[in-house]
1. How large is ³J(HN,Hα) for each residue in region 6-23, as worked out from phi by the Karplus curve 6.51 cos²θ - 1.76 cosθ + 1.60 (θ = phi - 60°), to whole Hz, x for Gly and Pro?
2. By per-residue mean of other Cβ atoms within 10 Å, what is the highest-first order of 236-243, 31-38, 250-257?
3. Could you report region 1-108's accessible area per residue, 1.4 Å probe, as an integer in Å²?
4. Give the long-range amide H neighbours of VAL154: residues separated by 5 or more places, or on another chain, with amide H under 5 Å away, using H modelled in the peptide plane at 1.01 Å from N.
5. Could you work out the percent of alpha carbon pairs in region 74-220 separated by over 26 Å, rounded to a whole number?
6. Using only the Cα atoms of region 1-141, what semi-axes does the equivalent ellipsoid have when each is the square root of 5 times a gyration tensor eigenvalue? Give whole Å, largest first.
7. Can you find, among PHE6, ALA160, ILE309, the residue sitting farthest towards the positive end of the charge dipole of the chain, where Lys and Arg contribute +1 and Asp and Glu -1 at Cβ?
8. Please report, in whole Å, how far the alpha carbons of the chain spread along each principal axis, starting with the longest.
Amino acid sequence: MNMIPFLDLKVQYAGIKEEVDAAVQGILNTCQFTLGREVAAFEGEFAAYCNAKHGIGVNSGTSALHLALLAAGIGPGDEVITVPFTFVATVAAIQYTGARPVFVDIDPRTFNMDPTLIESAVTDRTKAIMPVHLHGQPAEMDPILEVAQRHRLVVVEDAAQAHGAEYRGQRVGSLGEMGCFSFYPGKNLGAYGEGGMVVTDNPEYARKIRMLRDWGMERKYHHVLKGYNYRMEGIQGAVLRVKLRHLEGWTEARRTAAARYDRLLAGSGVPTPHALPHNRHVYHVYAIRTTTRQAWQEALQEQGIQTGIHYPFPVHLLPAYADLGYQAADFPHAERAAEEVLSLPMFAELTEEQCQVVSEAVSALAAEDVAAAS
Ligand SMILES: Cc1ncc(COP(=O)(O)O)c(C=O)c1O
């Protein structure tokens, strides 16, 4: 049986092996293992890619979120509005600062923050809004920025899943005051280890984040802020520079694969991702919906098709976040999405034939469900 993996990093490496090997060898030669020239060059190149003035490389997307919030002066007693249907890191980073995460529900069509719910979540403690561009689709930024402006709130984008995504022609990361990216290996732009970046146009935020990632130092041993060891590694900077040159090609390949799925699943009755017409969705995840998810996942696995779930629990119902005091039914759209989403194989090298095999298997399962119900 031919397996169709959920993600295939080995096939990607095979396509860029010479370039990557040379980049890694370069770091071994210079021994610039942490920060250094390659990281600095990547910061400039990735910031430019996001249409932002500054980029600060860090050791994970979580660190990027944490430092962006600290740079905005967020801390104990403050509230940050975000969504419960996200990876746990969004919420964890808010709590690292001592601030309280306050959730609003999602738009069930896009899985992103419903901007009409923000206003009623704002209190005199609210300092920031953190929209998440989930699965690679930009959140509905204009109304989010409008509420933020009215209440003088900072907008920090969680763009961990959305490298190169665009909202009304503008790259994510450059829409709010700061944009935070993850270069976790499985991301659309993935390091060979951990990595992250904050991009911003604001020189003061950039200066502060640059210090905070490296023990709060202004210059060697002059610690002017209480900082962290959040530095990006030299090897990651070097590898990410190579991979950034391929990113647009890979993104277009993902969009082609998504369009194939859309076409092949049309008429099957299976809800496919709803990309808003003014968005460039970069399909980090291609999530369909089904009310019989476990059965589908097992049946697909038996046919050699790997799937994923992003994410099976909304953060407000996770045991670790019970202290926030939320309950079941507080965010019905997020809760339902968490029960129903199923991520199909998605990576740049996914072939037309593989899309066909997956779509046929999914359509057959949908037809079986219809037959069983009648
Ligand atoms: C939405 C979202 N936010 C934050 C993160 C955290 O990034 P990292 O794993 O690089 O810390 C991730 C990825 O894991 C993510 O998907």
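The values are calculated or read from the model by the stated rules, or taken from the named source; none is laboratory data. Everything numeric here is computed off the predicted structure, so don't read it as measured data. Virtual Cβ from ideal backbone geometry, glycine too; neighbours counted across all protein chains shown. With ligands, DNA and RNA removed, areas are computed over all heavy atoms of the protein, side chains included. Shrake-Rupley method; radii C 1.70, N 1.55, O 1.52, S 1.80 Å.
1. Values, residue by residue: 5, 8, 10, 6, 5, 5, 5, 4, 4, x, 10, 3, 4, 5, 5, 4, 5, 5 Hz.
2. Details: 236-243: 23.9, 31-38: 16.2, 250-257: 18.8.
Answer by packing, highest mean first, reads 236-243, 250-257, 31-38.
3. 41
4. ALA128, ILE129
5. 21
6. Values: eigenvalues 237, 100, 35 Å².
After scaling each eigenvalue by five and taking roots: 34, 22, 13 Å.
7. Among PHE6, ALA160, ILE309, the one farthest towards the positive end of the dipole of the chain is ALA160.
8. Principal extents (largest minus smallest coordinate, Cα): 71, 54, 37 Å.
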